[in-house]
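J.: What follows is a structure written as structure tokens; I'll ask about it next.
The values are calculated or read from the model by the stated rules, or taken from the named source; none is laboratory data. If you're wondering where the values come from, they're calculated on a predicted model, not measured in any experiment. Glycine gets a Cβ as well: all are built from the backbone with ideal geometry, and neighbour counts include every protein chain shown.
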Amino acid sequence: MSNKRISSLGALVESFFTQRLIQQRQASPATLLAYKDALRLLFCFASSRLGMHVDRLDIQNLDYDMVLAFLDFLERERNNSVRTRNARLAAIHSFFRHVAYGKPEALALAQRVLSIGPKRTTKRVVEFLRPPEVEALLAAPNRQTMRGRRDHALLLYLLRTGVRASEAVGLDTADLTMAAPSQVIIRGKGSKERVLPLANDLAVILRDLIEERQLDIHGHVPVFVNAQGKRLTRFGLTHIVRRAVSKASKECITLHKHPISPHSFRHTAAMRLLQAGVDLATIRGWLGHADIQTTHGYLEADVEMKRRALATANLTSEEASLRFEPPGKILALLER
């Protein structure tokens, strides 16, 4: 490849976000933020490794070896999980596909980067909150204060709807229909929308919160805000959950046994639906899953459902041994 500069990296980044992500793919704000963070980390890593300012970087500096070193850096020094590493790689892949389409002279470089595959991840059993843990968390905020009432409303909203963190903080007053039957419009991943019914207790809590802050119910005003009155961020939401866990764990010691995040409430809502007999297709639509295989993961986590199946089958170890039939000669050979 020629030593001649292929293109200004800044121009490629600008066209990637404005043309590919915003105009062509109509990416959501959450996607834009995730891709921005991934590329920012990559550029800062390459800048430090090469000893040059980020503005002097060229696309040629972001080659196969550099990207591999960056991915290794994420796991070893930033202690990112394999899932996070793969998510960063997906953003980098998207950028280099744009490079390949827009700059044919960089095609060979882009193809090498695109050949880097994701790491296999261990599929963990879904962790969800049990009723005593839920009660302790909901009781943790001090509802005598405005902050406590906001925290309680937010935790209840996560529990009853099972929305993602980005969907929760993105809630506007205009998304809510408070008149019976109460419902909410969820603006999810990939700019997809879905409508969920609101439980009666949640509808009352949200109505009280909106009236207390005297919000315009028809305007695009954030429902959950921080101390400065600005829309709550995902980081702020995580902080609220951690604060509630810290206080609730004094009353419910099982909260120490597993890490709890905003996503734990999403899993809990899904498990409640499943245990109530709601079919997987409905749960998939409720949670906004693109693939029903994602929803199937909750079946694996429901031990009580498996116990009921075992009781229904009524199959003991003695019965199992009586039903065993010795294999034929060929199968016996394979057994040995």
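J.: Just need a number here: residues in the range 21-77 that are basic (Lys, Arg), out of contact with any Ser or Thr (no Cβ under 9 Å at 6 or more places or on another chain) and exposed (fewer than 13 other Cβ atoms within 10 Å of the Cβ). Steps first, please.
T.: The initial filter retains those residues of the range 21-77 that are basic (Lys, Arg), namely 25, 36, 40, 49, 56, 76.
Next, from what is left, pick out any that are out of contact with any Ser or Thr (no Cβ under 9 Å at 6 or more places or on another chain): 36, 40, 49, 76.
Now restrict to residues that are exposed (fewer than 13 other Cβ atoms within 10 Å of the Cβ): 40, 76.
Total meeting the criteria: 2.
J.: Take the conditions modelled with pLDDT of 95 or more and under 27 Å from SER191 (Cβ atoms) and apply them to LEU42. Does it pass? Walk me through how you get there before you give the answer.
T.: Working: modelled with pLDDT of 95 or more: yes; under 27 Å from SER191 (Cβ atoms): yes.
Against the criterion (modelled with pLDDT of 95 or more and under 27 Å from SER191 (Cβ atoms)), LEU42 qualifies.
J.: Continuing with the same structure: Being closer than 19 Å to ARG266 by Cα and either touching a residue at least 60 places away in the same chain (Cβ under 8 Å) or buried (at least 16 other Cβ atoms within 10 Å of the Cβ) (or both) is the requirement here; does LEU202 meet it?
T.: yes
J.: Another one. For the range 193-214, which positions are part of a loop (DSSP other than H, G, I, E, B) and out of contact with any strand residue (DSSP E or B) (no Cβ under 9 Å at 6 or more places or on another chain)? Outline the logic, then answer.
T.: Going residue by residue through the range 193-214, those that are part of a loop (DSSP other than H, G, I, E, B) are 198-199, 214.
Within the range 193-214, ALA199, GLN214 meet the criteria.
J.: Condition first: within 30 Å of SER264 (Cβ to Cβ) and not in a helix (DSSP H, G or I). Can you find one or more residues in the range 90-109 that meet it?
T.: Scanning the range 90-109, I find no residue that is within 30 Å of SER264 (Cβ to Cβ) and not in a helix (DSSP H, G or I), so the answer is no.
J.: Restricting to the range 110-128, what's the tally of residues that are in a loop (DSSP other than H, G, I, E, B) and either among the hydrophobic types (A, V, I, L, M, F, W, C) or modelled with pLDDT under 85 (or both)?
T.: Filtering the range 110-128 for residues in a loop (DSSP other than H, G, I, E, B) gives 115-128.
Narrowing the set further to residues that are either among the hydrophobic types (A, V, I, L, M, F, W, C) or modelled with pLDDT under 85 (or both) leaves 116, 121-128.
Residues meeting the conditions: 9.
J.: Could you list, in sequence order, all residues of the range 183-208 that are over 26 Å from the mean Cα position of the chain (by Cα) and closer than 16 Å to PHE224 by Cβ?
T.: Correct list: ARG207, ASP208.
J.: Follow-up question, since we're still on this one. So in the range 148-182, with the set limited to residues that are among the charged types (D, E, K, R) and under 15 Å from the mean Cα position of the chain (by Cα), which one is surrounded by the most Cβ atoms within 10 Å (Cβ to Cβ)?
T.: First, pick out the residues of the range 148-182 that are among the charged types (D, E, K, R): 149-151, 160, 164, 167, 172, 175.
With the extra rule that they be under 15 Å from the mean Cα position of the chain (by Cα), the set shrinks to 164, 167.
Values: ARG164: 20, GLU167: 22.
Here the answer is GLU167.
J.: Here are LEU109, LEU137: which of them is touching an Asp or Glu at 6+ places or on another chain (Cβ under 8 Å) and either under 19 Å from HIS258 (Cβ atoms) or buried (at least 20 other Cβ atoms within 10 Å of the Cβ) (or both)?
T.: Working: LEU137 fails: touching an Asp or Glu at 6+ places or on another chain (Cβ under 8 Å).
Answer to the selection: LEU109.
J.: Scan the range 231-257 and report the pairs whose first residue is farther than 15 Å from VAL134 by Cβ and outside the structural domain of LEU33 (by TED's automatic domain parsing) and whose second residue is assigned to a helix (DSSP H, G or I) and not aliphatic (A, V, I, L, M), with Cβ atoms within less than 8 Å and a gap of 6+ or a chain change.
T.: Taking only residues 6 or more apart or on different chains, the pairs are ARG234/SER166; ARG234/PRO262; LEU237/PRO262; THR238/PRO262; ILE240/ASP151; ARG243/ASP151.
J.: Any chance you could count how many residues in the range 92-141 are without any contact (Cβ under 8 Å) to a residue 12 or more places away in the chain and among the aliphatic types (A, V, I, L, M)?
T.: Matching residues across the range 92-141 total 1.
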